1. Please return the ranges of helices (runs of 4 or more DSSP H) entirely within the range 207-301 where 2 or more residues are out of contact with any strand residue (DSSP E or B) (no Cβ under 8 Å at 6 or more places or on another chain) and surrounded by 16 or more Cβ atoms within 10 Å (Cβ to Cβ).
2. Go through the residues of the range 391-409 one by one and say whether even a single one is over 33 Å from the mean Cα position of the chain (by Cα), surrounded by 13 or more Cβ atoms within 10 Å (Cβ to Cβ) and under 20 Å from Ala81 (Cβ atoms).
3. What number goes with the only condition from (1) under 25 Å from Val96 (Cβ atoms); (2) surrounded by fewer than 24 Cβ atoms within 10 Å (Cβ to Cβ) that Ala415 does not pass?
4. Run Asp84 past the list (1) among the charged types (D, E, K, R); (2) more than 25 Å from Asp200 (Cα to Cα); (3) at pLDDT below 95 and report the number of the one that doesn't hold.
5. Among the numbered conditions (1) under 19 Å from the mean Cα position of the chain (by Cα); (2) within 16 Å of the ligand (Cβ to nearest atom), tell me where Thr68 comes up short.
6. Could you tell me whether Glu412 is without any contact (Cβ under 8 Å) to a residue 60 or more places away in the chain and within 30 Å of Leu315 (Cα to Cα)?
7. Which condition from (1) surrounded by fewer than 23 Cβ atoms within 10 Å (Cβ to Cβ); (2) within 20 Å of the chain's Cα centre (by Cα) is the one that Leu469 breaks?
8. If Ala332 satisfies every condition in (1) small (Gly, Ala, Ser); (2) crowded, with 19+ Cβ neighbours inside 10 Å; (3) out of contact with any Lys or Arg (no Cβ under 9 Å at 6 or more places or on another chain) but one, which is the exception?
Amino acid sequence: MTVFRLRRALGVIAPACVAAFALTSSPAIANPQAALEAALERAPNPAPARNVILFIGDGMGVSTVTATRILAGQRAGADGASYDLAFDQMPYGGLVRTYSVDGLVTDSANGASAITTGYRTINGALGVDGETRRGVCDPTRNVPTLAQRAKRELGKAVGVVSTAAITDASPAAFYAHSPARSWQSDADLPAAAREAGCVDIAAQLVMAADDIRPDIALGGGLSFFQPKSAGGRREDGQDLPALWAARPDSAFVTDRDSLNLAVAEGRDVLGLFAPVHIPHEVNRPSVAPQIPTLEEMTRAAITRLGTAPEGYVLLVEAAHIDKAHHAGLLNASLTEGIELSKAVAAAMSMTDPADTLIIVTADHSHGLTLNGGGRGDDVLGLIQGPAGEPRLAGDGLPVPILLYATGPGGAEAGAGRPDLDGVDLTAIDHVRQAGVRLGSAAHTGEDVPAYAQGPSAHLVTGSMDQPYLFQVMRHALRLPAEAP
Ligand SMILES: [Zn+2]
């Protein structure tokens with residue numbers, strides 16, 4: 001029996017839920033007039049930003065935000081629709097167009113790179129300009145990232161945090177340049193690319209010059225940094241974590257306790273907590289409790305970077321919103337969205353909006369739809385009819401409140417849509433139904449949201465182009481338009 005049917009069996013009917021939930025809804029939602037008065041009092045902050053924190057919810061389109069918000073509210077025992085995620089409380093925001101040089105729909109490499117460099121490129125490439133050709137190494141096409149410019153030109157400290165491999169496309173777009181996102185270790189780098197002067201992404205992170213290298217980098221991806229002799233992928237024999245740790249005041253860490261110690265000691269920290277990606281949060285506490293959460297990594301990074309005399313720039317990516325969406329694992333994906341909200345809440349509480357610009361956005365969207373449901377119904381469940389039984393569609397089968405456009409939950413060729421009545425749709429391994437079967441759900445090309453607070457946050461408004469977000473952050477930091 002599904003959760004919502006259990007609720008109905010217990011007599012918890014929707015109208016009673018709505019009445020109770022109204023007491024716990026967001027102040028701005030509960031009192032629109034007070035929200036207007038707060039907006040009328042709001043003044044733009046044109047001052048330079050000491051710090052910039054960019055959060056990327058990978059694959060976090062508008063419908064994913066809505067579904068995450070509802071699930072977060074319901075898990076908190078409140079009404080989902082009127083609940084606030086942390087970034088719902090930011091004063092400014094707008095919509096962002098997300099295409100690539102060669103596609104209506106972008107991947108994470110171009111999407112993140114457009115935000116972190118101000119240049120669109122082709123799908124699959126990062127830290128390079130729009131003339132780049134797929135997999136063709138041409139270092140003259142490299143463009144500096146916001147983080148590299150902020151450190152070199154302004155002396156800012158730099159941090160990068162992700163639940164993916166730290167060499168995965170989105171985090172790599174903060175510190176690396178590659179015409180192929182797959183060149184994560186030297187074993188992944190074609191000989192022709194090496195001869196043309198390209199370096200794998202892991203080596204770019206560790207071997208970077210002092211004036212651009214991140215001060216703290218936390219995520220997964222250990223296998224891309226270690227030689228085969230140590231269980232990694234590298235064929236050049238380099239032990240990159242050992243090289244990092246051998247530098248003065250530097251530490252390589254692999255669990256929460258050693259991370260917190262290294263941060264307390266003020267070291268430059270490379271934290272690699274998994275061979276590739278950190279486990280989904282729905283699994284992490286049971287399979288790897290020693291791995292820090294996204295919120296814990298964010299807190300560690302802000303604590304470490306907060307000691308920098310000239311301020312800092314930090315990228316935090318919630319990678320598994322996207323990776324779980326690809327696999328049709330809806331509970332896991334939305335749980336990662338809630339984890340992102342916790343990390344944003346931590347950043348908002350640890351920083352001063354007078355001097356720290358925080359932007360929360362996505363690199364691209366995913367094809368999730370919210371198709372109906374009562375206010376008190378479990379958002380992971382089925383749309384209910386008036387008699388408390390699933391409402392049936394034209395094919396005689398029930399319809400989930402949340403459905404994917406594409407993905408592994410689509411029907412096989414020649415097979416019909418499965419009957420979901422009686423299926424536990426809340427299970428963490430349940431593959432959500434999709435309209436069209438694809439082995440991996442497709443990214444989608446509609447606009448994504450952006451939310452902002454702090455200096456120059458008022459410039460995050462209206463209909464924006466993805467590279468414009470780079471310009472807002474550049475302006476907030478008072479970096480010149482072009483790198484010297
Ligand atoms: Zn993806």
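1. Working: elements: 240-246, 256-264, 284-287.
The qualifying helices (runs of 4 or more DSSP H) are 256-264.
2. Yes: the range 391-409 contains one or more residues that are over 33 Å from the mean Cα position of the chain (by Cα), surrounded by 13 or more Cβ atoms within 10 Å (Cβ to Cβ) and under 20 Å from Ala81 (Cβ atoms).
3. (1)
4. (3)
5. (2)
6. On the way: without any contact (Cβ under 8 Å) to a residue 60 or more places away in the chain: yes; within 30 Å of Leu315 (Cα to Cα): no.
The answer is no for Glu412.
7. It fails just one condition, (1).
8. (3)
The values are calculated or read from the model by the stated rules, or taken from the named source; none is laboratory data. Bear in mind that the values here come from a model prediction, so they are computed numbers and not experimental data. Note that each Cβ is placed from the backbone with ideal geometry, even for glycine, and that neighbours are counted across all protein chains shown.
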